[in-house]
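Values in this text are rule-based calculations from the coordinates and carry no lab data. Here the structure is a predicted model, which means the values were calculated and not measured. Positions of Cβ are generated from backbone atoms using ideal geometry, with glycine treated the same way; all protein chains shown enter the neighbour counts.
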Amino acid sequence: MFEILSTPDAWVALLTLTFLEIVLGIDNIIFISIIANKLPKKLQAKATNLGLLLAMVQRILLLFAVSFLIGLKNPFFYVEASWVYLGVSGQALILFFGGLFLLYKSTSEIHEKIEMPDHDESQVKAKGITSFSNAIVQIILIDFIFSIDSILTAVGMTNGIGNKPGDALLLMIIAVVISIVIMMVFANPIRLFISKHPSMQVLALSFLILIGFMLIMEAAHLSHAKFFGNEVGAIPKGYLYFAIAFSLFVEFLNIRMNRNKPLVPKE
């Protein structure tokens, strides 16, 4: 069952995906905290932990649903013209529209974080919380919205990894469980680190642009798409891993340099 973890590609994908799940889940932690803080103090920790546990269960169920849809590999529609050919399948449609969604979500999120940093929090704060059950319902609804890009990111990072049909799904579930557990244990330190270094979250959203583009190209490749006689090839995931690792390395160097930079006295 865990043979997939014996391959280097699987470990790289798992570590990268877990990191992205944690960083992209920071907003989720913040919003869960905002909702939980409207409850009596004795219920706040219970609501936060239960909200994260329900988030994990919800994401695993969504992973099963999306993995089933991606398993629909047989084309049901063909497009043939003088300049284009492709066989459309359920798998290709999920990857294509998922890629478009990630491109839209990541660019809009980057815009909001730079231009309107308090937009989402003010919307959550405006919603009334009258009971513990009401708070849990709102946490589930908010997490569902955040789960979509999380699930599509997981699909983009693991699609094509492993020899067995369930290998990619197993990697995605492990990454989701690890990320939720880490967020439950270290929620506050992680939130403070990201608040102190907001560029990390913008960087993670930028990675979604890469993953969204890769999903679109993967959809074209799996459809055996040809444009003007040239077939679309697969993009090796090594390029994606290298881009993410190099960007993170540069960002950590930048954080380290700023930490060691002497304070300039005000005139």
Practice task
Apply 1/(1 + (r/R0)^6) to the Cβ-Cβ distance of E231 and N260, taking R0 = 51 Å, and write down the FRET efficiency to the nearest 0.05.
Solution key: 0.50
Exercise for the section: Using label points projected 7 Å from each Cα along Cα→Cβ, tell me how many nm separate F77 and S6, to one decimal. Expected result: 4.3 nm
Problem - Cα-derived Rg to Rh of segment 3-258, Kirkwood definition - result: 1.00
